[in-house]
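Here it is: the structure, laid out below.
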Amino acid sequence: MRAISDQHRHLHAHHSPEAWDERYGDQAMWSGHPNEALVREVADMTPRTALDVGCGEGADAIWLALRGWRVDALDVSGKALDRAREAAEQAGVEVRWLHHGLEDLPDESAYDLVSVFYPALLRADGSVLDVLLDAVAEGGTLLVVHHAHVDRERAREHGFDPDDYVRHEDVLAALPPTDWAVEQAGERRRTAPEGPGAHHHTDLVLRAWRKVSA
Ligand SMILES: C[S@@+](CC[C@H](N)C(=O)[O-])C[C@H]1O[C@@H](n2cnc3c(N)ncnc32)[C@H](O)[C@@H]1O
């Protein structure tokens, strides 16, 4: 028992807001460009309300806002959000930046688009997947994108075990066909941006529409 709780403690410490702030360091971590799959999947949608979960330095949220979406964007890292805020100011758009984890999203939240790119949501935090799905309004879209073909050994060498996190298959399994229509679930090649994610060349894209109850 003790070994398990120590392991959990370690996991949470490794993925605490402080650990993420430390990872973000003193200079921009990501490319500053919106994720390719976001641009492709969302370009034809009518802009309404959107939530970007784990928004990092804000490039996706800013791109959405520039296209007319009313965007809330959340992240546990204050450092990432400071950069996001600055980038939004430079782009001349308004985004509501929320400094907390997905697990602390208010119950009544409902968005027409909920996007999560390369999620760092711990599976051990059981209800996080429920919070994610509940955040999508009826008639709204859930877009979750992971890296495909993750090199587990390489990831573990960097202190990160992909199986500790909500995976593509976890999200897919949580979507009952009575309530959700899965519009896309599979691999898509991507043009890798510069930065720490540059070795990932394939996305695992899940796009699902939440049915409107009768
Ligand atoms: C791999 S990064 C992806 C950032 C961004 N979506 C992108 O595509 O560049 C994962 C992000 O999730 C954030 N994060 C970690 N735990 C979180 C949580 N519980 N809820 C929301 N975001 C979280 C991290 O701070 C980090 O910015």
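The values are calculated or read from the model by the stated rules, or taken from the named source; none is laboratory data. These figures come from a predicted structure and were not determined experimentally. Note: ideal-geometry Cβ built from the backbone for every residue, glycine included; neighbour counts use all protein chains shown.
With respect to D125, determine if the residue is over 23 Å from N35 (Cα atoms), in contact with a strand residue (DSSP E or B) (Cβ under 7 Å, 6 or more places away or on another chain) and within 14 Å of the ligand (Cβ to nearest atom).
Considered against the rule, which asks whether it is over 23 Å from N35 (Cα atoms), in contact with a strand residue (DSSP E or B) (Cβ under 7 Å, 6 or more places away or on another chain) and within 14 Å of the ligand (Cβ to nearest atom), D125 comes out as no.
Out of segment 90-104, which residues are part of a loop (DSSP other than H, G, I, E, B) and more than 9 Å from the ligand (Cβ to nearest atom)? Explain how you work it out, then say what you get.
The initial filter retains those residues of segment 90-104 that are part of a loop (DSSP other than H, G, I, E, B), namely 92-95, 99-101.
Result: G92, V93, E94, V95, H99.
Going through segment 35-78 one residue at a time, which ones are crowded, with 20+ Cβ neighbours inside 10 Å and in a helix (DSSP H, G or I)?
Those that are crowded, with 20+ Cβ neighbours inside 10 Å and in a helix (DSSP H, G or I): A37, L38, E41, V42, A59, D60, A61, I62, W63, L64, A65.
Then there's this: Condition (residue is within 16 Å of the ligand (Cβ to nearest atom), touching a strand residue (DSSP E or B) at 6+ places or on another chain (Cβ under 8 Å) and aliphatic (A, V, I, L, M)) applied to segment 173-188: is it met by at least one residue?
No, every residue in segment 173-188 fails to be within 16 Å of the ligand (Cβ to nearest atom), touching a strand residue (DSSP E or B) at 6+ places or on another chain (Cβ under 8 Å) and aliphatic (A, V, I, L, M).
Oh, and also: Restricting the search to segment 132-169, which residues are surrounded by 15 or more Cβ atoms within 10 Å (Cβ to Cβ) and either at positive phi or among the acidic types (D, E) (or both)?
D134, D164, listed by residue number.
Moving on to the next point. Filter segment 188-214 down to residues that are in a strand (DSSP E or B) and of a type in the set (V, I, T) and give me whichever is modelled with the lowest pLDDT.
My answer is T202.
Continuing with this model, one more query. Looking at segment 168-179, can you tell me whether even one residue there is under 21 Å from V76 (Cβ atoms) and either in contact with a helix residue (DSSP H, G or I) (Cβ under 6 Å, 6 or more places away or on another chain) or not β-branched (V, I, T) (or both)?
Just the residues of segment 168-179 that are under 21 Å from V76 (Cβ atoms), to begin with: 170-171.
Those left that are additionally either in contact with a helix residue (DSSP H, G or I) (Cβ under 6 Å, 6 or more places away or on another chain) or not β-branched (V, I, T) (or both): 170.
Yes, segment 168-179 contains a residue that is under 21 Å from V76 (Cβ atoms) and either in contact with a helix residue (DSSP H, G or I) (Cβ under 6 Å, 6 or more places away or on another chain) or not β-branched (V, I, T) (or both).
Okay, next question. With the structure loaded, tell me whether W69 is touching a Pro at 6+ places or on another chain (Cβ under 8 Å), of a type in the set (F, W, Y) and within 12 Å of the ligand (Cβ to nearest atom) or whether it fails that test.
So W69 does not fit the description; no.
In this structure, does R85 turn out to be farther than 25 Å from H15 by Cα, modelled with pLDDT of 95 or more, surrounded by fewer than 23 Cβ atoms within 10 Å (Cβ to Cβ) and of a type in the set (K, R)?
no
Sticking with this one: Quick check, is H33 at pLDDT below 95, more than 12 Å from the chain's Cα centre (by Cα) and closer than 19 Å to L143 by Cα? I'd like the intermediate steps shown before the answer.
On the way: at pLDDT below 95: yes; more than 12 Å from the chain's Cα centre (by Cα): yes; closer than 19 Å to L143 by Cα: yes.
Against the criterion (at pLDDT below 95, more than 12 Å from the chain's Cα centre (by Cα) and closer than 19 Å to L143 by Cα), H33 qualifies.
Then there is this: Name the residues in segment 11-49 that are in contact with a Lys or Arg (Cβ under 7 Å, 6 or more places away or on another chain) and either under 20 Å from D82 (Cα atoms) or within 13 Å of the ligand (Cβ to nearest atom) (or both), would you?
Residues satisfying the conditions are D21, Y24, A28, E36, A37.
Select from segment 125-164 the residues that are under 18 Å from P176 (Cβ atoms) and in a loop (DSSP other than H, G, I, E, B) and list them in ascending order.
Matches in segment 125-164: G126, S127, A135.
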